[in-house]
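What follows is a single structure, written as structure tokens, with notes after it.
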Amino acid sequence: MSAAGCMLSTSALADNGIKVEHLGVDNTLVRITGDGNFLLLPIQDTVDDAKIDVIVDNKLVKTFYARLAKSKTDVTVPFDLTPYKGKNVVLNIETPQGRSSVREASGDICWKAMEVSDSYDSSNKETKFRPSYHHSPEWGWMNDPNGMFYKDGKWHLYYQWNPYGSRWQNLSWGHAVSENLVDWEFDGLAVEPDGLGYIFSGSCAVDPNNTAGFGENAVLAMYTSAAKSQIQSLASSTDDGHTFVKYEGNPTLTLDSEARDPNFFWNEKTGKWNLLIAHALEHEMLIFSSPDMKEWTLESAFGKGLGAQGGVWECPDLFELPVEGTKTKKWVLICNINPDGPFGGSAAQYFVGDFDGKTFKVDTDAQGKVPTKWMDYGKDHYATVSWSDAPDNRRVVVGWMSNWEYAAEVPTRQFRSANTLPREMKLFRGGDGQIYLASEPVAELEQLRGDVVVDALKSTLGTTPLQFRLPESTEGLCEILASFEASKNSTVDLTLSNSKGEKVVMKYDAKERTLSFDRTQAGISDFSAQFPAVTVTPTYEKDGKITLRIFIDRSSVEVFGNDGRFVMTNLVFPNEPYLNIAISSPEGKATLNSLKVYSINRK
């Protein structure tokens, strides 16, 4: 389990600490009679949401939704009672399931399974597919990473979170903190819904000069408040992002059409804040400026008719990077899109160009056109954005490791979704003269390396595969470094497999200069017709030489090629770990230059 913390044991009171009063077939009152810290709610993933109004001393203080268990409990989630100690707490619950009588309603197992407890046990109950070294939520649903910033030696990661179930609902900001981009400590609920709506995606940055008036070095957060409309709100933190105070003048920015996911940064050249908002249904990004984060001026719009246009535009980011091997700097505008990714569903595209603080001007190719470029050619890389204020001018990003086509159906219950490994962004010029974005695993990931379990010498590849064993001590969790070359009309197959015949096949095609990833036989896939897939990436090379860096976790495979110049991220759900790797060349005209496999060193 990668998000550490909150590893507590459950100790319920002598009784269950509640009094249940059934008022009708779809309405029940739950009175809190115990004095514990949490009300433990039993959740059944396949039923409909119940509406839960929290009434404290006769005042409605909160409304949330949960799939209260009717016939079985898939997982238990906590409702925090500590803010209401010493007060009269009543939950007024509306249940949507059809019933014919109060007696039938009282038969739902949730009423007997609910209990008040002094603690909540969030220890990992999903050992089969819970990532070992990727960030995932302690419990509940997670989608977009957002609000990421670095301050005083710590990387802060916020994420779209439903604390009350493993499907999209109750959107809030969960919070995790790391000192090394590898080990994440859960820091609880940071920003929760209010009268303006759910807390959708946004961004954070440190304000060292107090431009917004909340104090020197305050952490500023801007997010979308989402109810009937989508509007932009502001919050600030003076305790390094652990708690936020919402600006009393919210919303700070409203439009007459759907817009979301504000991403802002301080522009040193203009002495103002710049803000990008996804004008989702218009397939464009709106660019604003402000001296104080409160009064915003619309400067321009970018994107209509450019790039992939088949889905809504979401989760923008804009930053400047040097072009490798030159003195040139260019701006990168990330535009996440859903659907219309290269292999269906959600994906992250990007544009390269110039930015003057008001207008983004995109580069064109030799024919004067704007090519569509993708950050990752897998199925499971979305909502990718970067950390602000990172040290040493680093540009580090992380993405949501799933796809909207099946994110709510994957075979987990305690949690849903994880994040990709953090990646360092760089720019390089390809053989076609275009500038592309490279994504390399951050250097900090090398601390995960354990024993070298395979260290193969240079070998000729043929139709009979070279066979190697992945580390059994870590159940196949490993990092693979492979280097090979093939003649122009040859291919190289790299296959991960287990004893059940489940397999992932990666094929390098030297003629087409592509690498494909076939997960159609990778394991469990019957939860979605869109899950079995073959993804393909260009390799941006001309000499038939390929290096691969592959990270295998319990339910994911991430492939970084030629120093991150091409990347594929794909989920997999094998019934048992992949413990075999086989490498071959059907044409017999390829060479394995080296192969090294590290076990993953986790506590």
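The values are calculated or read from the model by the stated rules, or taken from the named source; none is laboratory data. Owing to the predicted nature of the structure, the values given are computational and were not obtained by experimental measurement. Counting neighbours? That spans all protein chains shown, and the Cβs are built from the backbone with ideal geometry, glycine included.
Yes or no: Leu23 part of a strand (DSSP E or B), assigned by TED's automatic domain parsing to the domain that holds Ala105 and loosely packed, with under 14 Cβ neighbours inside 10 Å? I'd like the intermediate steps shown before the answer.
Numbers: part of a strand (DSSP E or B): yes; assigned by TED's automatic domain parsing to the domain that holds Ala105: yes; loosely packed, with under 14 Cβ neighbours inside 10 Å: yes.
So Leu23 fits the description; yes.
List pairs: first in segment 243-254 and in the same structural domain as Gly174 (by TED's automatic domain parsing), second surrounded by 18 or more Cβ atoms within 10 Å (Cβ to Cβ) and assigned to a loop (DSSP other than H, G, I, E, B), Cβ under 6 Å, 6+ apart or cross-chain?
Qualifying pairs under 6 Å: Leu253/Trp296.
Out of all the residues in segment 506-519, is one or more within 24 Å of Glu576 (Cβ to Cβ), without any contact (Cβ under 8 Å) to a residue 40 or more places away in the chain and among the acidic types (Asp, Glu)?
Scanning segment 506-519, I find at least one residue that is within 24 Å of Glu576 (Cβ to Cβ), without any contact (Cβ under 8 Å) to a residue 40 or more places away in the chain and among the acidic types (Asp, Glu), so the answer is yes.
Quick check: is even one residue across segment 354-374 more than 19 Å from Leu571 (Cα to Cα), among the β-branched types (Val, Ile, Thr) and without any contact (Cβ under 8 Å) to a residue 40 or more places away in the chain?
Keep residues of segment 354-374 that are more than 19 Å from Leu571 (Cα to Cα), which gives 354-373.
Next cut, among the β-branched types (Val, Ile, Thr) only: 359, 362, 364, 370, 372.
Next, only the ones that are without any contact (Cβ under 8 Å) to a residue 40 or more places away in the chain stay: 364.
Yes: one or more hits.
Taking Ala390 as the residue in question, decide whether it is of a type in the set (A, V, I, L, M, F, W, C), over 14 Å from the mean Cα position of the chain (by Cα) and surrounded by fewer than 24 Cβ atoms within 10 Å (Cβ to Cβ).
On the way: of a type in the set (A, V, I, L, M, F, W, C): yes; over 14 Å from the mean Cα position of the chain (by Cα): yes; surrounded by fewer than 24 Cβ atoms within 10 Å (Cβ to Cβ): yes.
In short, yes.
When segment 321-353 is examined, which residues are found to be closer than 24 Å to Met148 by Cα and surrounded by fewer than 16 Cβ atoms within 10 Å (Cβ to Cβ)?
Pro322, Lys329, listed by residue number.
Just checking, which of Thr412, Thr460 is in a strand (DSSP E or B) and more than 18 Å from Ser599 (Cβ to Cβ)? Let's see the steps before the verdict.
Numbers: Thr412 fails: in a strand (DSSP E or B).
Result of the check over Thr412, Thr460: Thr460.
Scan segment 476-497 residue by residue and report those that are outside any strand (DSSP E or B) and surrounded by fewer than 19 Cβ atoms within 10 Å (Cβ to Cβ).
Selection gives Ser487, Lys488, Asn489.
If I ask for residues that are of a type outside the set (Ser, Thr, Tyr), assigned to a loop (DSSP other than H, G, I, E, B) and either outside the structural domain of Asp74 (by TED's automatic domain parsing) or more than 23 Å from Trp141 (Cβ to Cβ) (or both), which ones from segment 31-45 would you list?
Going residue by residue through segment 31-45, those that are of a type outside the set (Ser, Thr, Tyr) are 31-32, 34-45.
Retained after the next criterion (residues that are assigned to a loop (DSSP other than H, G, I, E, B)): 34-37, 44-45.
Matches in segment 31-45: Gly34, Asp35, Gly36.
Kindly indicate which of Asp48, Asp53 is assigned to a loop (DSSP other than H, G, I, E, B) and under 24 Å from Leu171 (Cβ atoms). Walk me through how you get there before you give the answer.
Numbers: Asp53 fails: assigned to a loop (DSSP other than H, G, I, E, B).
Answer to the selection: Asp48.
What number goes with the only condition from (1) within 27 Å of Glu587 (Cα to Cα); (2) out of contact with any Gly (no Cβ under 6 Å at 6 or more places or on another chain) that Gly523 does not pass?
(1) is the only condition that Gly523 fails.
When the residues of segment 541-551 are narrowed to those that are under 19 Å from Arg423 (Cα atoms) and out of contact with any Phe, Trp or Tyr (no Cβ under 6 Å at 6 or more places or on another chain), which ends up surrounded by the fewest Cβ atoms within 10 Å (Cβ to Cβ)?
If we filter segment 541-551 for residues that are under 19 Å from Arg423 (Cα atoms), which is where we start, we get 547-551.
Then keep just the ones that are out of contact with any Phe, Trp or Tyr (no Cβ under 6 Å at 6 or more places or on another chain); that gives 547-548, 550-551.
On the way: Thr547: 17, Leu548: 20, Ile550: 21, Phe551: 23.
This residue is Thr547.
In the list Ala227, Ala259, Ala278, which residue meets the criterion of being closer than 30 Å to Ser178 by Cα and hydrophobic (A, V, I, L, M, F, W, C)? Don't jump to the end; show me each part of the working.
Details: Ala227 fails: closer than 30 Å to Ser178 by Cα; Ala259 fails: closer than 30 Å to Ser178 by Cα.
One residue alone meets the criteria, Ala278.
Any chance segment 411-418 includes a residue that's in contact with a Leu (Cβ under 7 Å, 6 or more places away or on another chain) and under 27 Å from Thr539 (Cα atoms)?
First pass over segment 411-418, keeping only residues in contact with a Leu (Cβ under 7 Å, 6 or more places away or on another chain): none.
Looking for residues that are in contact with a Leu (Cβ under 7 Å, 6 or more places away or on another chain) and under 27 Å from Thr539 (Cα atoms), one finds none in segment 411-418, hence no.
Can you tell me how many residues in segment 236-245 are touching a Ser or Thr at 6+ places or on another chain (Cβ under 8 Å) and more than 23 Å from Val385 (Cα to Cα)? Let's see the steps before the verdict.
Of the residues in segment 236-245, the ones touching a Ser or Thr at 6+ places or on another chain (Cβ under 8 Å) are 237, 243-245.
If we keep only those that are more than 23 Å from Val385 (Cα to Cα) as well, we get 245.
Here the count works out to 1.
Please determine, by comparing only the residues of segment 567-589 that are more than 29 Å from Pro411 (Cβ to Cβ) and of a type outside the set (Gly, Ala, Ser), which one is nearest to the chain's Cα centre (by Cα). Break it down into steps so the answer makes sense when it comes.
Taking segment 567-589 as the starting set, the residues that turn out to be more than 29 Å from Pro411 (Cβ to Cβ) are 583-589.
Now drop any that are not of a type outside the set (Gly, Ala, Ser), which leaves 583, 586-587, 589.
Working: Ile583: 31, Pro586: 37, Glu587: 39, Lys589: 40 Å.
My answer is Ile583.
Pull up segment 229-258, narrow it to residues that are touching a His at 6+ places or on another chain (Cβ under 8 Å) and closer than 25 Å to His175 by Cβ, then point me to the one that is surrounded by the fewest Cβ atoms within 10 Å (Cβ to Cβ).
By that ranking, first place goes to His242.
If you take the residues in segment 511-531 that are part of a strand (DSSP E or B) and either in contact with a Ser or Thr (Cβ under 6 Å, 6 or more places away or on another chain) or not basic (Lys, Arg) (or both), which one is farthest from Pro574 (Cα to Cα)?
Step one: filter segment 511-531 for residues part of a strand (DSSP E or B), giving 514-521.
Next cut, either in contact with a Ser or Thr (Cβ under 6 Å, 6 or more places away or on another chain) or not basic (Lys, Arg) (or both) only: 514-518, 520-521.
Values: Thr514: 25, Leu515: 22, Ser516: 19, Phe517: 15, Asp518: 14, Thr520: 11, Gln521: 9 Å.
The qualifying residue farthest from Pro574 (Cα to Cα) is Thr514.
Would you check if there is a residue in segment 109-121 being basic (Lys, Arg) and either closer than 30 Å to Leu60 by Cα or modelled with pLDDT of 95 or more (or both)? Quick ask: steps written out before the conclusion?
Residues of segment 109-121 that are basic (Lys, Arg), as a first pass: 112.
This time we only want the ones that are either closer than 30 Å to Leu60 by Cα or modelled with pLDDT of 95 or more (or both), so: 112.
Checked against the condition, which is being basic (Lys, Arg) and either closer than 30 Å to Leu60 by Cα or modelled with pLDDT of 95 or more (or both), segment 109-121 yields at least one hit.
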